[in-house]
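The values are calculated or read from the model by the stated rules, or taken from the named source; none is laboratory data. Since the model is a prediction, treat every value here as computed from it, not as a measurement. Neighbour counts are summed over all protein chains in view; Cβ atoms, including those assigned to glycine, are modelled from backbone coordinates with ideal geometry. What goes into the accessible areas is simple: the full protein's heavy atoms, side chains included, and nothing from ligands, DNA or RNA. Shrake-Rupley method; radii C 1.70, N 1.55, O 1.52, S 1.80 Å.
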Amino acid sequence: MVKNYTRIILVLILFYSCKTDDKTPKKSITGTHRIAYVDPFIGTGGHGHTYPGATVPFGMLQVTPINGISEWDWCSGYHYSDSIAVGFSHLALSGTGIGDLADILFMPINKKVDLSITPVSRDSIPYKSKYDHQNETASPGYYQVFLEEPNVQVELTTSQRTAYHKYTFNQNDPQSVIIDLGFAINWDKVTHSSIAIEDNYTVSGYRFSKGWAKNQKVFFVAKFSKPINEHHLFRDGTLIDQKASEGEKIATQLFFDINDSSELMAKVALSSVSVDNARLNLDPGGFNFKEVRSHAEQTWNDALSKITVETSVDSLKTLFYTAMYHAQVAPVTFSDKNGQFRKEDDHIETASEYTAYSTLSLWDTFRAEHPLLTLIAPERVSDIIHSMLAYFETRNTLPVWTLYANETNTMTGYHSIPVIAEAYLKGITGFDAEKAYQAMKTTMMQDDRGLKYYKKYGYIPYNLLDESVTITLEFAYDDWCIAQMAKALGKDEDYAFFLNRSKAYQYLFDSQTGFMRGKSDDGQSWNEPFDPKYSNHREQTDYTEGNAWQHSWFVPHNVKELAELHGGNATFTKRLEQLFTESSEITGSNISADISGLIGQYAHGNEPSHHIAYMFNQAGKPWRTQYWVRHILDTQYNTTPNGLSGNEDCGQMSAWYALSSIGLYPMNPASTKYEIGSPIFDKAAIKISEDKTFTIEAEHVSDKNIYIQSATLNGEPFNHTSISHNQILQGGTLHFIMGDHPNTNWGVNQ
C-alpha cells in the first residue's frame, strides 16, 4: 500500500538479472529442512518492500541491512536494486507502504571517521560501504554480507529478543563499530537520544523519534565480546570527553583490541520501556553465534512445518515456503520478558499470561494472514487479540494499524473486528469474549473516521468524506462480523441491528453501471462524471488506492445478494470475467501506485482485489475460480527479488499464496469457511496437532490440469466449493482429481 501521500517517489524497477534464478540457498534439502527452500530476497525488489535480515517467527527484532534512502521502495530500509549499506538496524517493517523503524544503527568500520559532520544525503555519510549481491546471503534466521570498503564480513542472527552480530575484520585492521542514534537519512526524525559506555564491554542508551509512529521510544543494551579500548562520543555534532551523554542526536565510535582475534561479536537487546528492561531481554551467557543461528533455524523449521507440501517442482516449494516465512515475520513480539510494554500515551502496560504484539497491518492482514494464523499458530491469535484489547483502552477504539503500540489510523475500516470475530467463531479461546465484543460494539458506535455519517445516512456521502465508497463497504463488513459474534453470544437485538446495517452496500450499488458509486447526502445524486477506471490517490476520490473496478466487489459477506443486485448469476459472472479481461488502463493524474499486479482491472498487488477470484464459487461457476486463481498464482509470484506484484504488507501477499496454493482461501474470514480454488501441489498436509493432520491431495495436478473433476472428503463424495474450519480441525483427507478441462457440474448443485 502507498500511504505516504505527497512525498512518495515511485521508483520504476527493471527485471533483475543478478543471479535471481538461483538465489535459493544451496543447502542439503531434506524433509525436515524446509528453510533450504526459503529465499528472503524474494520481495526485496520491485514493490515488495520486504527486508532480507535475520528474525525468528514473530520475533521482537529484525536485524537487517539499511541502505539509507527514504524513497517508497525502501520502506523496509533495504531494496535489492541498491548496493550501498549505511549500517544494520534492529527493527524493520516487512512490506509496508510507509517507512519507519530502522532503529539503533550499528556499523563496523576499520578506520576513524568524523561523526561531527551532519550528513545532508547518503553520499555524505562517512561510514557507508558498497557491497555486492554475489557476496550476500540470507536464510531464515541468518544474514551475511561483505562490506567492501572496510573489508568486513558481517553476519547477523537473532533469538526472540536478542540480536547477534559477528564481524570478521582483515587481520591487523583496526576494529571499530559506529552506533548512530541520530541517523537522519530515514523516514522518521529523532527527537532525543542517549548513549552510555557502562563498562569495558557494555553500551546502553535510547532513541526517541517521531515518524509514522508518533511516539516511539526504543531503549537498548549492547554487549561486546572484546573490551572497548577507546571511544569517541558525539552530541549534536560535537565531540565530548564523556562516557555518557544525551541530546537530540547522539553517536559514538567504539574501538577494540585487534591482537587476539579478527572477529568481534556483539549482542543487542531492545525494549520500549527502559534500559533495565532491555538488559533483562538480553540473552544471558556468551556469544555462541553458531548455536543461536542453529536455534533460529530450528525454530523456523518448526514454524514452516505447520503446512508441508509435496511436488516435483522445486520453484513451487521455494515460493510456498518463502510465503510461509513472510507470513510469520509479523505481527512482532512487543512485550518484554517481564511482560511490560509501552503504549502511545507512555502508560506502561504489563501483559499478564500473554505476549503483546505490535505491527498490526489490519487493513491488509484480516483477509488471509490472520486466517492462516488460526490454522498454523492459533496460540498466537489469542495473544494478538489481548494486545488489541490493551490498545483499545488507550483510545476507546480498537486498532486500525498499530505500529510500536502507536495507532497510526492508516487505511479504512476497523478490521480488528473481523479478526476477533473469526477467532471466536472458530473456537479460539484464551481471551474475554464479552470484553472483546463490547470493544467491537463501542468502536463501531462512535463517530470517528466516517462513522458519524455512516450512522446518520446508512452510508457515507461522497460530498462529506473522501474514499466514501470503500469506507462504507468496509464498515458494512465490520458490522456483519459484529452481528455474527452477537448472535453467538445470544445478543439478539444487537444481531438484528448490525446485520441490518451490514447491508449498507445496497445504498451505493448503481444498477445502471453495475458499480458501487459515490452517492451524495441527498440520497439521490451520484458523483459525476463517472469513470470506473479513474484513480486519485487518497484525496478527491471515492475509492481507497484503487478505482470502481477494484472496489465494487467488497461484499464478501453476501455474494449471493450482490449477484442479485447485478441481475443474477449470469450477469454477475459476466462482469467478473470482464474485470479480468478489461484493458488495464488506469485514468487520472494522481494514480495510486498500489494499483499493481494488473490482470485486466484486477489488481493483485493491492489487497482489495484478493477475494474477488473466489466469488465465482458462489455464483455457480467454480471452474472460473479455478482458472483465475491458478492464473494469479502463476503470474503474480516468482522466485526473483521482484517476485511479489505489490507490497507484502506484513504477510498478506504471502498468506494469499500459501493458502491459495494448497487450494483454500478465506473469502469471508469470519464465515469460518474456506473457498476451494485450484491446488498446485500433489499433496499438502496441515498439522492440526501432534497426532492429527488434514491432507489435501490433488491427483494428476500439473500446469495444465488445473480444473477439479471430482472430490472426496475422507472417502465420501464431496461436491462443495467451500469447507469449514471445523471440518479441517477434525483431520482427514480432501482428495481432488484434476484435469485439463472444466467440469461444469462439480460444485454447482450444492
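Here are a few things to note about the model shown:
- Checked against the criterion of being without any contact (Cβ under 8 Å) to a residue 24 or more places away in the chain, outside any loop (DSSP other than H, G, I, E, B) and surrounded by fewer than 24 Cβ atoms within 10 Å (Cβ to Cβ), the candidates Glu349, Glu353, Glu291, Glu297 yield just one match: Glu291.
- So Tyr453, is it hydroxyl-bearing (Ser, Thr, Tyr), open to solvent by 50 Å² or more (accessible area, probe 1.4 Å) and in a helix (DSSP H, G or I): yes
- The number of residues in segment 678-709 being open to solvent by less than 50 Å² (accessible area, probe 1.4 Å), more than 21 Å from Met615 (Cβ to Cβ) and either among the hydrophobic types (A, V, I, L, M, F, W, C) or over 31 Å from the mean Cα position of the chain (by Cα) (or both) comes to 10.
- Residue in segment 526-543 that is in contact with a Leu (Cβ under 7 Å, 6 or more places away or on another chain), at pLDDT 95 or above and not polar (S, T, N, Q) present: no
- Here Ser116 meets each of (1) in contact with a Ser or Thr (Cβ under 7 Å, 6 or more places away or on another chain); (2) of a type in the set (S, T, N, Q); (3) modelled with pLDDT of 95 or more; (4) farther than 20 Å from Leu61 by Cα with one exception, condition (3).
- Residue, nearest to Phe694 (Cα to Cα), within segment 630-677, restricted to residues that are open to solvent by 10 Å² or more (accessible area, probe 1.4 Å) and of a type in the set (Val, Ile, Thr): Thr672
- Among the criteria (1) modelled with pLDDT under 95; (2) open to solvent by less than 20 Å² (accessible area, probe 1.4 Å); (3) over 30 Å from Phe287 (Cβ atoms); (4) not aliphatic (A, V, I, L, M), the one Gly211 does not fulfil is (1).
- Criterion: free of Cβ contacts under 8 Å to residues at least 24 places away in the same chain and of a type in the set (A, V, I, L, M, F, W, C) - qualifying residue of Ile240, Ile228, Ile258, Ile250: Ile240
- Flag if Gly651 is under 21 Å from the mean Cα position of the chain (by Cα) and within 25 Å of Ile307 (Cα to Cα): yes
- Selected residue [part of a strand (DSSP E or B) and either surrounded by fewer than 24 Cβ atoms within 10 Å (Cβ to Cβ) or not acidic (Asp, Glu) (or both)] from Thr402, Thr374: Thr402
- Just one residue in the set Tyr495, Tyr477, Tyr505 is in contact (Cβ under 8 Å) with a residue 24 or more places away in the chain, over 15 Å from Tyr462 (Cα atoms), surrounded by 15 or more Cβ atoms within 10 Å (Cβ to Cβ) and of a type in the set (Ser, Thr, Tyr); that residue is Tyr477.
- Segment 360-370, subset open to solvent by less than 10 Å² (accessible area, probe 1.4 Å) and either part of a loop (DSSP other than H, G, I, E, B) or modelled with pLDDT under 95 (or both), residue nearest to Trp656 (Cα to Cα): Ala368
- Within segment 250-270, considering residues that are modelled with pLDDT under 95 and not acidic (Asp, Glu), the one surrounded by the most Cβ atoms within 10 Å (Cβ to Cβ): Ile258
- For segment 536-557, the condition holds for no residue, the condition being that it is open to solvent by 40 Å² or more (accessible area, probe 1.4 Å), within 30 Å of Glu648 (Cβ to Cβ) and outside any loop (DSSP other than H, G, I, E, B).
- Some residue of segment 603-615 being of a type outside the set (Asp, Glu) and open to solvent by 40 Å² or more (accessible area, probe 1.4 Å): no
- Restricting attention to segment 434-487, the residues that are hydrophobic (A, V, I, L, M, F, W, C) and farther than 22 Å from Arg538 by Cα total 11.
- Note on segment 104-192: enclosed strands (runs of 3 or more DSSP E) holding 1 or more residues that are under 30 Å from Ala327 (Cβ atoms) and open to solvent by less than 10 Å² (accessible area, probe 1.4 Å) are 105-109, 136-139, 142-147, 152-158, 162-169.
- From the options Tyr437, Tyr424, Tyr391, residue that is open to solvent by 10 Å² or more (accessible area, probe 1.4 Å), closer than 25 Å to Gly490 by Cβ and not in a loop (DSSP other than H, G, I, E, B): Tyr424
- Here is the figure for segment 672-722: residues that are over 14 Å from Trp623 (Cβ atoms) and of a type in the set (Val, Ile, Thr) total 9.
- Selection status of Tyr80, under 21 Å from Glu648 (Cα atoms), of a type in the set (Phe, Trp, Tyr) and open to solvent by less than 10 Å² (accessible area, probe 1.4 Å): yes
- Evaluating Phe431 against the criteria (1) of a type in the set (A, V, I, L, M, F, W, C); (2) open to solvent by less than 10 Å² (accessible area, probe 1.4 Å); (3) within 24 Å of His347 (Cβ to Cβ) leaves one unmet condition, (2).
- Residue, nearest to Phe681 (Cα to Cα), within segment 335-346, restricted to residues that are touching a residue at least 60 places away in the same chain (Cβ under 8 Å) and crowded, with 24+ Cβ neighbours inside 10 Å: Asp336
- Single residue of segment 242-288 satisfying the filter (part of a loop (DSSP other than H, G, I, E, B), of a type in the set (Asp, Glu) and out of contact with any His (no Cβ under 9 Å at 6 or more places or on another chain)) that is farthest from Ser116 (Cα to Cα): Asp283
- Residues in segment 35-68 that are open to solvent by less than 10 Å² (accessible area, probe 1.4 Å), of a type in the set (Ser, Thr, Tyr) and out of contact with any strand residue (DSSP E or B) (no Cβ under 7 Å at 6 or more places or on another chain): Thr44, Thr50.
- In segment 595-621, the residues that are at negative phi and out of contact with any helix residue (DSSP H, G or I) (no Cβ under 6 Å at 6 or more places or on another chain): Ile595, Ser596, Leu598, Gly605, Asn606, His611, Ile612
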